Amino acid sequence: MIRVALPYHLRNLAKVGSEVELELDGPVTQRRILDALESHYPVLKGTVRDHVTQLRRPFVRFFACQEDLSNDAPDDLLPEEVAEGREPFVVVGAMAGG
Amino acid sequence: MSEVRVLVGTKKGAFVLTSDGKRSKWKVDGPFFAGWEVYHVKGSPVDPNRIYAAPSTGWFGQVIQRSDDGGKTWEAKGNEFTYQGETGDHLWYDDTPRPWEFKRVWHLEPSLTDPDTVYAGVEDAALFQTTDGASSWEEMTGLRSHDTGSKWTPGAGGLCLHTLLIDPSNHDRIFGAISAAGAFRSDDAGQTWQVKNKGLVSPYELPDPEADVGHCVHRLAMHPSHPQTLYMQKHWDVMRSDDAGESWHEISGDLPTDFGFVIDVNFNEPETIYVVPITSDSEHFPPEGKLRVYRSKTGGNDWEPLTKGLPQSDCYVNVLRDSMATDQLDPGGIYFGTSGGQVYASADGGDSWEAIVRDLPLVMSVEVQTLA
């Protein structure tokens, strides 16, 4: 089970708590987590990554295990702690603006 | 007994204000979509309980929300606004080419006949349509791919299709306005568009003041019973057309300044129009710190200041382009919202005003529904 922590606005949009759990078979990557997230919560399509290019939106960051993984390739394997559900994959709204 | 529902989009959420037909006591509900910038909220004329809202943020992009119960509850709908085909370039502020890129929805214009059909005016300027109640959106490419599109330049707020008006007597006729390109008209329900800028003069903004496109039109207004007559608040100049946009003439007359953003028409008096003069393009606040609505009962040129109930000292708010609306009661109600978070209403055609709510976030849009 993969844990994904969502920022306030996306929690409200998806009508979920601070974390959601996703079943994921096979390699655990950013792309596969986001595919599963959007599949379970279609309302989040386009809010984390672009509908067409599938690129991360500029003011969205990805953290895990105290590391900023935002600029890692979407098909890179994520840390074991995330893959085993011991640490969440954290989607963050970048600190900018007001 | 009639009821009035005022739909307010703000920088940090949407609000629904309701009152009976006396329009003296108001109930404030919201914020809905708290923290999101709500550029516009508008109800279907066919089914007033069907309301569409356009919240967006710089972080998470565009969302479209829909209510089927008059704004009590909301459901997020489709948010994919993808330009069709070759996107091409428009001009950037420095006159270099810039590819079209979707930023946000500025304006939602529900169909006059079908609650599931809505037009959306977006930034970068393009027209989208849904026919399934906002589940999906499709670009109507005729506007963005207009011959002049490569010459459009963003105004200070971006390159936005901010105004859409549907002719009640001919639903195939739609008027649109783009900052900064100008006024456009479609006679085939949005498939193709013609520039309608003849008579506009912009000496401070354009090297050729009478260029075919490039005019910073801030807002268009139309009375539903007189769709041949259009009113325009341009960057500078208040304008009027009596031939459905074929030609425009200036009606600024004796206004203290003809810069501003909003313009609207009294529902009971098609020649009675309202503007809120703003000092200048450099000073987006009312002249002398006095918030004055100006009313013309002659369709322009002769204007009177309306001040009763409005702050007449130390007032430095702005009134943005989609932030004035009129109800359909008699006497007619006029409403506008400010950058200071006040929504002012007049239940007597503008003779007197009161703030029906005063401490909202910056108001980006005001729409009114008159309910039976």
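How fast does the range B:23-69 diffuse by Stokes-Einstein, in µm²/s, taking the Kirkwood radius from C-alpha pairs at 10 °C and 1.306 mPa s?
132
Label B:Asp69 and B:Thr192 with points 7 Å out from Cα along Cα→Cβ: what is the distance between them in nm?
Label-label distance for B:Asp69 and B:Thr192, simple model: 4.7 nm.
Please give every one of the lysines within straight-line cross-link reach of B:Lys234, meaning a C-alpha to C-alpha distance under 16 Å, and leave out same-chain neighbours fewer than 8 residues apart.
Cα-Cα hits under 16 Å: B:Lys196, B:Lys198.
Give the distance, in whole Å, between the Cα centre of the range B:126-165 and the Cα centre of the range A:26-98.
31
Take chain B, connect every pair of alpha-carbon atoms lying under 10 Å apart with a spring to form a Gaussian network, then pick out the residue of B:Gly61, B:Gly309, B:Gly157 with the largest mean-square fluctuation.
B:Gly157
So how far, in whole Å, is the C-alpha centre of the range B:261-283 from the one of the range B:70-109?
About 27 Å separates the Cα centre of the range B:261-283 from the one of the range B:70-109.
Grab the DSSP H runs of chain A that are 4 residues or longer, score each as -39,500 (n - 2.57), total them, divide by all residues and round the 222 nm result to the nearest 500 deg cm²/dmol.
So the calculated ellipticity at 222 nm is -6000 deg cm²/dmol.
Pairs A:Lys45/B:Lys25; B:Lys11/B:Lys308; B:Lys42/B:Lys308; B:Lys12/B:Lys297: which are spaced more than 32 Å apart, C-alpha to C-alpha?
A:Lys45/B:Lys25; B:Lys12/B:Lys297
Please pull out the direction-averaged projected area of the protein assembly as shown, using the convex hull of its alpha-carbon atoms, in nm² to one decimal place.
22.1
Given points 7 Å out from each Cα along the Cα-Cβ axis, report the B:Tyr316 to A:Gln54 separation in nanometres with one decimal.
Placing both labels 7 Å beyond Cα along the Cβ direction yields 5.1 nm.
Counting pairs of alpha carbon atoms under 8 Å apart in space and at least six apart in sequence, what relative contact order in percent does chain B give?
Details: 1113 pairs, mean separation 46.0, N = 372.
The value is 12 percent.
Only sites in a loop by DSSP and with at most 16 other Cβ atoms within 10 Å count here; which chymotrypsin sites (Phe, Trp or Tyr not before Pro) in the range B:61-119 make the cut?
Counting only loop positions with at most 16 other Cβ atoms within 10 Å, the chymotrypsin sites (Phe, Trp or Tyr not before Pro) in the range B:61-119 are B:Trp92, B:Tyr93.
Put a dot 7 Å past each Cα toward the Cβ at A:Asp76 and B:His249; how far apart are the dots in nm?
Taking the two extended label points, one gets 6.8 nm.
Could you tell me the convex hull volume per residue, in Å³, taken over the Cα atoms of the range B:264-372?
97
Sort B:Trp36, B:Trp59 so the one with the fewest other Cβ atoms within 10 Å of its own Cβ comes first.
With the sparsest Cβ surroundings first, the list reads B:Trp59, B:Trp36.
With springs only between Cα atoms under 10 Å apart, run a GNM on chain B and tell me which of B:Pro305, B:Pro207, B:Pro45 wobbles the most.
So, out of B:Pro305, B:Pro207, B:Pro45, the one fluctuating most is B:Pro207.
Determine, at each q value in 0.18, 0.19, 0.22 (inverse angstroms), the log₁₀ of I(q)/I(0) that the Debye formula gives when each Cα of the range B:65-166 is one equal point scatterer.
The Debye formula, applied to the Cα set alone, gives -0.85, -0.92, -1.15.
Under 16 Å from the 7 Å Cα→Cβ point of B:Glu304, by amide nitrogen: which residues of the range B:220-244?
Answer for this model: none.
Would you mind getting the Kirkwood hydrodynamic radius of chain A from its Cα pairs, rounded to one decimal in Å?
Radius from the Kirkwood sum: 13.4 Å.
If all Cα-Cα distances of chain B are sorted into 20 Å bins from 0 onward, what percent lands in each bin, rounded to whole numbers?
The percentages, shortest bin first, are 32, 62, 6.
For chain A, with a Gaussian network of springs between Cα atoms less than 10 Å apart, report the residue from A:Gln66, A:Gln30, A:Gln54 with the top mean-square fluctuation.
Residue with maximal mean-square fluctuation among A:Gln66, A:Gln30, A:Gln54: A:Gln66.
Is the shape of the range B:186-337 rounded, prolate or oblate, going by the alpha carbon gyration tensor and its root eigenvalues a ≥ b ≥ c, with a/c under 1.5 for rounded and a/b larger than b/c for prolate?
Taking the square roots of the gyration eigenvalues as a ≥ b ≥ c, the range B:186-337 is oblate.
What are the principal axis extents of the Cα atoms in the range A:10-67, in Å, biggest first?
On the principal axes, the range A:10-67 reaches 24, 24, 23 Å in Cα extent.
Which is the longest part of chain A that has none of the trypsin sites (Lys or Arg not before Pro) sitting in a DSSP loop with at most 15 other Cβ atoms within 10 Å?
The segment A:16-85 is the longest one with no such site.
Read-outs: derived from the displayed coordinates by stated rules, not from any lab. What you are looking at is a predicted structure, and each value in this text was computed from that prediction instead of being measured. Cβ atoms come from the backbone with ideal geometry, glycine included; neighbour counts cover every protein chain shown.
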